[in-house]
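The values are calculated or read from the model by the stated rules, or taken from the named source; none is laboratory data. For clarity, every value in this text was computed on a predicted model and none was experimentally measured. Cβ coordinates were reconstructed from backbone atoms using ideal geometry, including for glycine residues, and neighbour counts include every protein chain displayed. We work out accessible area using only protein heavy atoms, side chains counted, and drop any ligands, DNA or RNA first. Shrake-Rupley method; radii C 1.70, N 1.55, O 1.52, S 1.80 Å.
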Amino acid sequence: EPKTNLFEDQVVDILKNLMHKSDILLNLHEGGGYYRETYIDKMHNPMKFGQCIIADADTFFVEDKGEILNLGEIARTICQNVNTKISNEYYHFRFNNHNTVSPSTKHLEQRKSATYYGLTQAGIPSFGIEVSKQLPSLEMKIRHHALVLNGFLQYLDIIPEYPGIFLEKPD
């Protein structure tokens with residue numbers, strides 16, 4: 001039963017319950033600019049989120065399960081596979097370790113995120129999948145999200161019922 005009558009709080013409670021019943025969390029977003037490991041310019045740097053897979057740690061030990069989650073290894077594998085399907089290297093995905101679990105994180109605000117909750121409270125691998133707001137078209141954003149989602153499905157040995165994506169241009 002939700003703690004408040006606010007619709008947003010009720011949705012959050014439902015999502016938290018679902019996370020505790022799940023094996024993995026994939027949170028899809030659009031981020032500004034393009035994530036790069038080192039500062040290039042104001043649109044290409046470590047504080048931008050576009051075109052990356054974000055996790056709150058490289059590895060994380062889930063005490064309840066006695067299990068180590070190798071988030072960085074998973075994300076790097078997905079990026080490597082997805083990038084073979086993206087011809088323009090400029091749009092390639094990268095692993096972005098927010099290291100939110102560390103006291104020295106530069107992303108304290110992410111401790112309120114779904115991925116942080118999924119990892120630290122539900123004990124499941126949790127990832128943010130960020131396409132860049134600066135991608136040239138909505139279709140490209142959708143296709144890049146679909147590529148990463150299908151990359152995770154393949155990694156998890158899940159065969160989607162509808163593996164392709166059909167995008168008709170709106171009238």
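Looking at this structure, is residue 68 among the β-branched types (Val, Ile, Thr), assigned to a strand (DSSP E or B) and open to solvent by 40 Å² or more (accessible area, probe 1.4 Å)?
On the way: among the β-branched types (Val, Ile, Thr): yes; assigned to a strand (DSSP E or B): yes; open to solvent by 40 Å² or more (accessible area, probe 1.4 Å): yes.
Yes; evaluated as a whole, the condition is true for this residue.
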Does the stretch 51-60 contain any residue that is touching a residue at least 40 places away in the same chain (Cβ under 8 Å), assigned to a helix (DSSP H, G or I) and either at positive phi or not aromatic (Phe, Trp, Tyr) (or both)?
no
Could you tell me how many of the residues in the stretch 23-50 are part of a loop (DSSP other than H, G, I, E, B), out of contact with any helix residue (DSSP H, G or I) (no Cβ under 8 Å at 6 or more places or on another chain) and not charged (D, E, K, R)?
10
Let me spell it out: the conditions are (1) open to solvent by less than 10 Å² (accessible area, probe 1.4 Å); (2) assigned to a helix (DSSP H, G or I), and residue 100 meets all of them except one. Which number is the exception?
(2)
Matching residues in the stretch 122-161 - criterion: being closer than 17 Å to residue 55 by Cα, of a type in the set (Asp, Glu) and open to solvent by 50 Å² or more (accessible area, probe 1.4 Å):
none
Please pick out the residue among 6, 15 that is farther than 24 Å from residue 136 by Cβ, open to solvent by 70 Å² or more (accessible area, probe 1.4 Å), touching a helix residue (DSSP H, G or I) at 6+ places or on another chain (Cβ under 7 Å) and of a type in the set (A, V, I, L, M).
15
Under 6 Å between Cβ atoms, which residue pairs at least 6 apart in sequence (or on different chains) link something in the stretch 126-147 that is of a type in the set (A, V, I, L, M, F, W, C) with a partner that is open to solvent by less than 10 Å² (accessible area, probe 1.4 Å) and outside any helix (DSSP H, G or I)?
127/53; 127/55; 129/53
Residue count, the stretch 111-145 (criterion: assigned to a helix (DSSP H, G or I), aliphatic (A, V, I, L, M) and over 19 Å from residue 90 (Cβ atoms)):
2
Please verify whether residue 100 is in contact with a Lys or Arg (Cβ under 8 Å, 6 or more places away or on another chain), in contact (Cβ under 8 Å) with a residue 24 or more places away in the chain and of a type in the set (S, T, N, Q), treating the condition exactly as stated.
yes
Taking the stated definitions as given, is residue 75 among the aliphatic types (A, V, I, L, M), more than 19 Å from residue 137 (Cβ to Cβ), open to solvent by less than 40 Å² (accessible area, probe 1.4 Å) and in a loop (DSSP other than H, G, I, E, B)?
no
